[in-house]
1. Please say if the stretch 202-245 is rounded, prolate or oblate, where rounded means a/c under 1.5 for a ≥ b ≥ c the square roots of the C-alpha gyration tensor eigenvalues, and otherwise the choice is prolate for a/b larger than b/c and oblate otherwise?
2. Out of residues 5 or more away from residue 64 or on other chains, whose amide H comes under 5 Å of its own, with H placed 1.01 Å from N in the peptide plane?
3. Please label the shape of the stretch 110-241 as rounded, prolate or oblate, based on the square roots a ≥ b ≥ c of the eigenvalues of the alpha-carbon gyration tensor (a/c under 1.5 means rounded; beyond that, a/b larger than b/c means prolate, else oblate).
4. Two decimals is fine: what's Rg over Rh for the stretch 31-170, C-alpha atoms, Kirkwood radius as Rh?
5. Take the residue pairs 159/187; 253/295; 144/243; 198/291 and return only those whose Cα atoms are more than 22 Å apart.
6. Can you work out the base-10 log of I(q)/I(0) for the stretch 163-303 at q = 0.18 1/Å, using the Debye formula on its C-alpha atoms alone?
7. Against the 2.2 N^0.38 Å scaling, with N counting residues, where does the stretch 29-270 land? I'd like the Cα-based Rg ratio to two decimal places.
8. Residue 195 versus residue 319, label points 7 Å from Cα toward the beta carbon: distance in nm?
Amino acid sequence: MPSDTLWEIAKAEVEKKTSQGSEGNGAEIGEKSVFFLGSKNGGKTTIILRCLDRDEPAKPTLALEYTYGRRTKGHNTPKDIAHFWELGGGTSLLDLISIPITCDSLRTFSIVLVLDLSKPNDLWPTMENLLQATKSHVDKVIMKLGKINSKAASEMRQKMWSVMQKDHPDRELIDPFPIPLVIIGSKYDIFQDFDPEKRKVICKTLRFVAHYYGASLMFTSKSEALLLKMRGVINQLAFGIDKSKSICVDQNKPLFITAGLDSLCQIGSPPVPDSDIGKLQAHSPMELWKKVYEKLFPPKSTSTLKAIQDPARDPQYAESEVDEMRIQKDQELEQYKRSSSKTWKQIELDS
């Protein structure tokens, strides 16, 4: 029999690599994605620029923005690529979460939730809305992936438990996030001047939430030492660099807790008198922590928290000529709607 041609050998090699990429755990794929969500003006863009060594001023994120970075593993090896996505607007643009998270990217995807520690009243609703929306979409994508590649979906479900050792006492009490999650508390330089009791509640609450979701937790600010730590965490997500095993749970210092290293015993119970816990009607530990937290930091009213839904109407992007044309087009649209409505009513009467 004649030997394979060069074309046939190349084709077989490509098919082999494709098969490995679709059935494996994604470890050999030289591309990863990191999605930054969180508080409006919380410092997400600044963190991304710092991780990419870009010395440029951070600009407000309008909706969903994308950039990327490269890193060489060694001599004569191809560069790894990290895709950085950022959702702007706080919790006002939740529908855009579905754009970067797809079946193709999910196995190498990570979430970074940036929370502004200087605004504790906004912290819980921001965290809750973003995590719930993201988890809901990721669960749907995993189900969809299961229909296409059941092995890959099964490996993802197993991988989400890998952050917790099999003999960890809390293994049966947590609910790991379906993809790697890091929670960053920004503006620690402001937070450190808060009343000690308030700091205690915020620290313990974030420790519980991070531990419950199998997430890493860290606080950062403009401090060079904290920025270097933060950069190391992001690089681990983006390029697979070794994970740090250091830990700091002292509420008088910036928290730094790698996923799986905390425990409910160390975190303790919600910071509220035992006599009051019985009065708080909660159906789950997460709901109990929420009620305790919001008792001290009641969320602002929906109208106050709600960001501008339409970026085109945001004052910071105002342009007189464009805005005048927009008003004109809106008026024309309303006139068309009224005209159409009258026409259809007339048709109904005639018929």
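The values are calculated or read from the model by the stated rules, or taken from the named source; none is laboratory data. Keep in mind the model is a prediction, meaning the values are calculated, not measured. Every residue, glycine among them, receives a Cβ derived from its backbone with ideal geometry; neighbour counts consider all protein chains shown. Heavy atoms of the whole protein, side chains included, go into the accessibility calculation; ligands, DNA and RNA do not. Shrake-Rupley method; radii C 1.70, N 1.55, O 1.52, S 1.80 Å.
1. Working: a/c = 3.00, a/b = 1.28, b/c = 2.35.
The shape class here is oblate.
2. Under 5 Å from the amide H of residue 64 lie the amide H atoms of 88, each far enough along the sequence or on another chain.
3. Working: a/c = 1.96, a/b = 1.78, b/c = 1.11.
Prolate, because a/c is 1.5 or more and a/b exceeds b/c.
4. On the way: Rg = 16.7 Å, Rh = 16.7 Å.
We get a ratio of 1.00 for the stretch 31-170.
5. Numbers: 159/187 32 Å; 253/295 24 Å; 144/243 30 Å; 198/291 15 Å.
Listed pairs above 22 Å: 159/187; 253/295; 144/243.
6. -1.13
7. Details: Rg = 17.3 Å, N = 242, 2.2 N^0.38 = 17.7 Å.
For the stretch 29-270, the normalised Cα radius of gyration is 0.98.
8. Between residue 195 and residue 319, the label points sit 4.7 nm apart.
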